[in-house]
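Where a number appears in this text, it was derived from the coordinates with a stated rule and is not lab data. These numbers come from a predicted model, not from an experiment.
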Amino acid sequence: MKVYIVGIGMDGENTLTCHALSVIRSADVLIGSERTLKPFASLGKTTIAEYRSREIADFLHTVNYETAAVLMSGDCGFFSGAKSLLPLLKDLETEVICGISTPVYLCSKLNIPWEELHLVSLHGRESCIVRKVRAHRMVFFLMGGDITPGMLCRRLCDYGMNDITVHIGGSLSYPEERIISGTAEELTDCDISGLCAVITENPCFENRRRYGISDDEFIRGNIPMTKSVIRAAALSGLDIRRNDICWDIGCGTGSVSVEMAMQCEDGKVFAVDKAAEALELTNKNRIRFGCDNIDIIGGDAVEAVQSLPAPDCIFAGGSGGKLREILRAAEEKNPNVRAVVTAVSLETLMLCDDVFRELGREPDIMQIAVTKMQQKGSHRLMQSENPIFIIKRKII
C-alpha cells in the first residue's frame, strides 16, 4: 500500500493544488478530521474520520487498500500531524504532498512577503509573545489555544508595545473570513477567536544578541546587582539554549534574569528572591526589556524551588545562606544541570566548592577583578570594584 499525506490548503477547495486533488481522487480511502474530509464528500470515497496519528497508523497497518490519502489542513510541514505520523509509517511507502499554509495565505492577503516571518504556535504556550515580538521584525502566531488575538494585543500593551502593527486573520479562506490591521492598542478588544492567526511587525526589533548589557540600562534600586562584566562571564558559563528552563536564585534587580530570558527565547526563566524590592525591580526590568518568559517568585528559595520544573541551568547570585540545599534540589531534578555561582567572600567560595564536590562534580573556579577608569577633575583615575569569584559546575 502507498500512503499519501496530503496538505489540502486552507479550505480543501479554493486553495487546493491540482496535484493534491489528483491524489485525493485516485485514492481508495480518505482519512482525516471531519473538517478536512468535508470538502470531498461528493467524491463518494470510503472515509475514516480520524486525526490521531497512532490510530491512523494502526488502521493503515490492518487494511489492504492499494492507496490511502491522509488529509492534513494547510501544509504538511507547518505544525501538522504529519510530523508525528510519518515515523509510524516507516514500513510503508509514503509520499508527502505539500499544500498552502496559513502564513503563506495570510501574507498574500496582506500583500506582504512571508520570507522574514518567525513562526510561532501558541497552542499550549503563552509565555513567549512579547519576547518573540521584541526579537524579530515579523512574527506569525498560529492561534487556537487559550490565547486570543485580543489578549495578545493586551499583553503587548502591558509591556509598552502599544504601537506595534498587528494583522489578525480569522476563518481564513472561508466565506466568513475577516482580516483586520491596526496597532496593538487599537486591537485590544478584537473579537476574533478560535482558529485564527496573527502577524506582528516591529521595525525596531532587536537585531543582535546582547551579552553583558550596560548596567545603566537597568532600573536600579537599593538591591545589589550583578554587574555587566561579571554577568557576561557568568552567563557564558551556563551555555543557555533557546528552549532551556533557567533558575535565577537571588534575582535582585533581575539583570541576570533578563539576559537569561533573551537567550532562552523559547524557554522560561524563574526568578526567585525573598526581598519585596527585588521582586518589584525584577518585574520593572522584565517589562523594560520585554521578557514575558520570566516568572517571578517571592519567598524562601529552598521552598520555592521545590515546585519549579527541572532546570537546565541555574545561576545563584544570592542564596540566603542556603546554597547547599538549593544546589542539591537542582541536582535532584536534573543530574546534568549546568550551574554557576558568584561569590564575594571566601566562605561562600569554599562552601560552593564543598557542595559541588559532594555532588560529584569538580568545580571550575576563576576570579574576576574589574577596574574602570573614571574622570576626577583633570585626572583620569582607575577605580577598582570588589573581586568576584565565579564557580562553575563542570559537566562530564
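Summary table
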{"item": "Other-chain or far-sequence residues with amide H under 5 Å of residue 270's (modelled H)", "result": "246, 247, 248, 295"}
{"item": "Amide H within-cut-off set for residue 118, under 5 Å, with H built and near neighbours excluded", "result": "138, 139, 140"}
{"item": "Phi to ³J(HN,Hα) by Karplus 6.51 cos²θ - 1.76 cosθ + 1.60 over the stretch 6-15, Hz, x for Gly, Pro", "result": "10, x, 9, x, 6, 10, x, 9, 5, 10"}
{"item": "Listed residues 203, 311, 87, most fluctuating in the chain (Gaussian network, C-alpha, under 10 Å)", "result": "87"}
{"item": "CD proxy at 222 nm, helix term only [per DSSP H run n ≥ 4: -39500 (n - 2.57); per residue of the chain; nearest 500]", "result": "-8000 deg cm²/dmol"}
{"item": "Lysines whose Cα lies under 25 Å from that of residue 38, excluding same-chain neighbours fewer than 8 positions away", "result": "2, 83, 109"}
{"item": "At 0.890 mPa s and 25 °C, Stokes D of the chain from Kirkwood alpha-carbon radius, µm² per second", "result": "102"}
{"item": "Three-way shape call for the stretch 1-104 based on the alpha-carbon gyration tensor, with the a/c threshold at 1.5", "result": "oblate"}
{"item": "Phi-based couplings in Hz for the stretch 308-320 (Karplus 6.51, -1.76, 1.60; Gly and Pro marked x)", "result": "7, x, 4, x, 7, 8, 9, 10, 10, x, x, 10, x"}
